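Structure first, then comments.
The values are calculated or read from the model by the stated rules, or taken from the named source; none is laboratory data. Not measured: the values here are computed from a predicted model. Note that each Cβ is placed from the backbone with ideal geometry, even for glycine, and that neighbours are counted across all protein chains shown. Side chains are part of the model used for accessible areas, which takes the heavy atoms of the whole protein and leaves out ligands, DNA and RNA. Shrake-Rupley method; radii C 1.70, N 1.55, O 1.52, S 1.80 Å.
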Amino acid sequence: MPADTTCITLPGPWRHEYIRANGAQFHAAIAGSHNPDKPLVLLVHGFPQYWWAWRNQIEPLHAAGYHVVAIDQRGIGGSDKTPDSEDGLTLASDLVAIVRALGARRAVVVGHGRGGALAWSAVSMEQDLFAGLVTISSPHPRTLHRLGMHVTLRTWRHVLTFVLTPISGRNLAKESVVRSLLTEWSASGNNGASSQSDIYTQALQLPGAAKIAINQLRWTWNSQRSATGRTYLRASANSVHIPVLAIRGEADPLLPDRAWDKDLEFSTGPYHKVRVAGAGHFVAEEQPETTTRLLLDFLQGLE
């Protein structure tokens, strides 16, 4: 029976296109077109989501005149599921290649969670291509690889019992598991993300998607043990001189506020951190209007 891919092409004030870049094909929900006066806005989702995580931001950003591209990362959603879909070095390089494939001279990359870590890395690798960086629920990736109290006990529990268990890939394709994860990582009583658990589960039930999503997290936590992982961390450590906006949900149960304390070791340009009340890990979905306003203010500040 063919896989149900209707979750990939959900209708809205956007169009669905495929982008060839870095040896793979990437699905994206796109609004607008190239504007020489404004940077491309590249939206990069986190775990366990896909482009749909940005459904509330695409249209307002486009209405402000921006060319907005919300991608599915390699191995996720409607993008190609290649043998190297878990490699962070490849995934960060994908972001650079997508911007170039779209013909943009300047881009602002907005990344959530693991997508935020990849955004940090892409900017570090090819800084002249980017005008700004926005991270949501994502301190600098090198911070997360340091031992210390910047990671909560709940984070370690999920790493040990959910991410690293042999059955986690099968579990992730269950709607009850996805709903529980989205609920637990959100602010208490906020269903902005968890209300979409059925849609996210549909995307994770596509052939290979859940396994790849888990393997991407495993790669992240084990990266220091591999040659490509160490290369990725070195490539991520260059000083970033472009403007950076870091957004954290005040109720994020995975990463305490102190996890961002080391960002200024890597961000040497304008850096601003904002805490959003009433939001946990999935700020863009839990507080969509606030997130959109913060993005627009940042983008307009660049102009």
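For segment 232-274: of the residues being hydroxyl-bearing (Ser, Thr, Tyr) and surrounded by 19 or more Cβ atoms within 10 Å (Cβ to Cβ), which is nearest to Ala122 (Cα to Cα)? Can you show your working first?
Let us first name the residues in segment 232-274 that are hydroxyl-bearing (Ser, Thr, Tyr), namely 232, 236, 239, 267-268, 271.
From the residues that got through so far, the ones that are surrounded by 19 or more Cβ atoms within 10 Å (Cβ to Cβ) too are 232, 236, 267.
On the way: Tyr232: 10, Ser236: 8, Ser267: 14 Å.
The selected residue is Ser236.
Residues in segment 199-212: is at least one out of contact with any helix residue (DSSP H, G or I) (no Cβ under 6 Å at 6 or more places or on another chain), surrounded by fewer than 17 Cβ atoms within 10 Å (Cβ to Cβ) and farther than 29 Å from Ser85 by Cα?
Within segment 199-212, not a single residue is out of contact with any helix residue (DSSP H, G or I) (no Cβ under 6 Å at 6 or more places or on another chain), surrounded by fewer than 17 Cβ atoms within 10 Å (Cβ to Cβ) and farther than 29 Å from Ser85 by Cα.
Rundown of residues vs (1) aliphatic (A, V, I, L, M); (2) out of contact with any His (no Cβ under 8 Å at 6 or more places or on another chain), yes/no style:
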residue: Leu254; (1), (2): yes, no
residue: Glu265; (1), (2): no, no
residue: Thr268; (1), (2): no, no
residue: Glu285; (1), (2): no, yes
residue: Thr290; (1), (2): no, yes
residue: Arg293; (1), (2): no, yes
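Would it be correct to say that Leu302 is hydrophobic (A, V, I, L, M, F, W, C) and within 19 Å of the chain's Cα centre (by Cα)?
On the way: hydrophobic (A, V, I, L, M, F, W, C): yes; within 19 Å of the chain's Cα centre (by Cα): no.
When the stated conditions are applied, Leu302 does not pass them.
Each row is one residue, and each column tells you yes or no for (1) assigned to a helix (DSSP H, G or I); (2) modelled with pLDDT under 95.
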{"position": "Leu233", "(1), (2)": "yes, yes"}
{"position": "Asn238", "(1), (2)": "no, yes"}
{"position": "Leu254", "(1), (2)": "no, yes"}
{"position": "Arg258", "(1), (2)": "yes, yes"}
{"position": "His272", "(1), (2)": "no, no"}
{"position": "Arg275", "(1), (2)": "no, no"}
{"position": "Leu294", "(1), (2)": "yes, no"}
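Do you know which residues across segment 59-97 are touching a helix residue (DSSP H, G or I) at 6+ places or on another chain (Cβ under 9 Å) and assigned to a helix (DSSP H, G or I)?
Within segment 59-97, Pro60, Leu61, Gly88, Leu89, Thr90, Leu91, Ala92, Ser93, Asp94, Leu95, Val96 meet the criteria.
Output the residue which, of all residues in segment 50-72 that are open to solvent by 10 Å² or more (accessible area, probe 1.4 Å), in contact (Cβ under 8 Å) with a residue 12 or more places away in the chain and not acidic (Asp, Glu), is farthest from Leu181 (Cα to Cα).
Gly65
In segment 235-252, which residues are over 18 Å from the mean Cα position of the chain (by Cα) and closer than 14 Å to Trp185 by Cβ?
Listed by number, the residues that qualify are Glu250, Ala251.
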